[in-house]
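Input: a single structure, listed below in structure tokens.
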Amino acid sequence: VGQLKQAAQTEGTNAGKVDLANEKLSRLIEILKTIAKGQANIDPLASMLGAMQKDQAMMKKAQASLVKEQKEIRDALADLRRKANVNISRNDDIKKALGKLNPAKSK
């Protein structure tokens, strides 16, 4: 009879522990469900962020290309400026030479 009471008491204690464990497990499941819902909200944001990063990389590439083209244009303009200055200098030399020839013709 004593063993039966002790077994019943142990069974009651074990049942209480099982109920507590089940309650904790239920709370854990609810927490995991909440985390899963949050993750579902994060996934589209992560993919959108990835797309934005790809767009930024493309924009950086385009910007680098523009910088290169601008440098080429500046170099070409500098070359044209040099050539124009040489041409102006030659024209001045020709005018001076013609000026020297014209007074000789008029004498």
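GNM on the chain, C-alpha springs below 10 Å: top fluctuator among Lys17, Lys54, Lys68? Sorting by GNM fluctuation, first place goes to Lys17. Dipole size of the chain about its Cα centre, with +1 on Lys/Arg Cβ and -1 on Asp/Glu Cβ: approximately 1540 debye, rounded to the nearest 20. Note on Lys68: lysines with a C-alpha under 26 Å away, same-chain residues under 8 apart excluded, are Lys54, Lys60, Lys83.
Axis angle, to the nearest 10 degrees, between helix 2-106 and the longest C-alpha principal axis of the chain: 0 degrees. Counting every C-alpha pair in the chain, the share spaced more than 17 angstrom apart comes to 81%. Which whole-angstrom value gives the distance between the alpha carbon centres of segment 1-36 and segment 54-92? Comparing the Cα centres of segment 1-36 and segment 54-92, I get a distance of 79 Å.
Name the most mobile residue of Ser47, Ser65, Ser26, meaning the one with the largest mean-square fluctuation, in a Gaussian network model of the chain with Cα contacts below 10 Å. In this elastic network of the chain, the residue with the biggest mean-square fluctuation among Ser47, Ser65, Ser26 is Ser26.
Read-outs: derived from the displayed coordinates by stated rules, not from any lab. Being a predicted model, the structure only gives us computed values, none of them experimental. So basically every Cβ, Gly included, is an ideal-geometry build from the backbone, and we count neighbours across all protein chains shown.
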